Every structure is written in structure tokens, then in C-alpha cells.
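The values are calculated or read from the model by the stated rules, or taken from the named source; none is laboratory data. The shown structure was predicted, so the numbers you read here are calculated from the model rather than taken from an experiment. Cβ placement follows ideal geometry from the backbone for every residue including glycine, while neighbour counts extend to all protein chains displayed. These area figures cover heavy atoms from the full protein model, side chains too; ligands, DNA and RNA do not enter into them. Shrake-Rupley method; radii C 1.70, N 1.55, O 1.52, S 1.80 Å.
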Amino acid sequence: MTGQVCDRQLERGSEIVLASHNAGKLHEFSLLLAETGIKVRSAAELNLPEPEETATDFEGNALIKAEAAAKATGLPALADDSGFCVAALGGKPGVYSARWAGPQRDMSIAMNRVWDEMQASGSVDKAASFVVVLCLAWPDGAYRFVKGECCGQVTWPVRGEHGHGYDPMFVPAGETRTFAEMDESEKNRFSHRGQAMERFLKECVI
Ligand code: IMP
């Protein structure tokens, strides 16, 4: 099975490592998996290095992170990679979504760049989506992906105080409010992450 896509599942009560040093993600995944009895160990607790995300798509980066953590710990590992994809920009910023905020991680820089490039593109297409890919990898090299996507429109000027990242410039399909004008539980009903998590529980846990 080494290096192969598989349809293997996690057993309830087993232990996995979350291949992320982000405390918010650890909390989110631990809550999601609580009902399954799966125990989530963190990359920080296990002192794992953060591999460089050198791939050009979400699957590739999620796999780099999950594979490195599974090999280093001997445990199944879960990683995610996500981003904001704008149709008029050919899917950019995509996997570079975090990098568009610069070394200061200033999201106003990133959102202004998206809007400026949309204006410069000459396109009137406002379609955009948030995408997340989860990768579950085993120490023997087997892995599988679960994807979630939330489609909608770019809006400008930005609106709302909640959320993070590009939330203030994105209105999901069928809504008039931006993600940043919704509270967390409302956003999760639509969101790419909410969808991927639901699928993960259905498809990847027995
Ligand atoms: P990563 O998957 O943690 O590397 O995140 C990639 C980047 O995509 C984040 O830094 C955000 O800029 C953006 N992003 C991912 N998910 C969301 C979301 O739900 N709302 C707003 N921005 C997001």
C-alpha cells in the first residue's frame, strides 16, 4: 500500500496526530472527533517539525504535512490545506492564500490585492470559493483525501468583524451577508470546512 490512495478507515477510540501547530485547528478537530472517542495528539506536543508546503495544489500540501507527521510518529496523521479561489484570477490566491498576507500576516493587504487584481483583470466575474482538502495518512504510506468547497461571490468593500482570513470579502451562495457577518456556528453550516468535516466523519471513521 505504500504511497497509495486508499479507502482505509479510522477505528473509534484510536489515536491520531493532527499535523498542525495551530491551536485553533487542534481545538476544532478534537471537538469534531469527540463523539468517536478518537484521541487527537498535537504536532506541538510531539515536537514535530513543520514541513515546507512546496506543492502547487491543496492535495499536495495536505499530503506533505500528513505524510511527514505519520512517518515521524508511527500514528495515522490528519492534515488540512485550504484557501480562497477567485474565478477571475484563475483560482488565485488558492494555495498561496496565507502568503498573500505578507510576512506581517496582514489580511487587509491580501484582500486589497485580490480586489485590485480583479479590477485589473477586466473581468466582471465575481465568483469565488473557499476550498479545504483534508488528508489522512498512515505510517505505511497509504493516504486518502476529503474535500470541502463553499461557492459564492466576492463583495467589495469588505463587511463584518467575525471570522478570519478572507471572510469579510466573501458572500456564500444563497446569502446576502459575508462570512464575517455570521457567527461561527452559522458560518460552519455553509463552510468548506463544515462540509469536509461532515464527510470525514461519514467516510473515514468506522
Ligand atoms: P491554511 O490551510 O491554514 O494554510 O490556510 C490558508 C489560508 O486560506 C488562510 O490563511 C486564510 O487566509 C485562507 N482561508 C482558509 N479558510 C478560510 C476561511 O474559512 N475564511 C477565510 N479565509 C480562509
query = For the stretch 165-206, how many residues are crowded, with 18+ Cβ neighbours inside 10 Å, hydrophobic (A, V, I, L, M, F, W, C) and part of a strand (DSSP E or B)?
reply = 2
inquiry  = Looking at (1) over 20 Å from the mean Cα position of the chain (by Cα); (2) over 21 Å from Thr54 (Cα atoms); (3) open to solvent by 70 Å² or more (accessible area, probe 1.4 Å), which one does His162 not meet, given that it meets all the others?
reply    = (1)
inquiry  = Can you confirm whether Trp138 is open to solvent by less than 70 Å² (accessible area, probe 1.4 Å), within 30 Å of Leu75 (Cα to Cα) and either away from the ligand (no atom under 14 Å from the Cβ) or touching a Cys at 6+ places or on another chain (Cβ under 9 Å) (or both)?
reply    = yes
key: Any hit, the stretch 117-129, residues being under 19 Å from Gly24 (Cβ atoms), surrounded by 14 or more Cβ atoms within 10 Å (Cβ to Cβ) and out of contact with any His (no Cβ under 7 Å at 6 or more places or on another chain)   = no
request  = Kindly check whether there is at least one residue in the stretch 114-122 that is within 12 Å of the ligand (Cβ to nearest atom) and either within 21 Å of Asp80 (Cα to Cα) or in a helix (DSSP H, G or I) (or both).
outcome  = yes
query = Got at least one residue in the stretch 104-112 being at pLDDT 95 or above, surrounded by 13 or more Cβ atoms within 10 Å (Cβ to Cβ), over 17 Å from Pro157 (Cβ atoms) and hydrophobic (A, V, I, L, M, F, W, C)?
reply = no
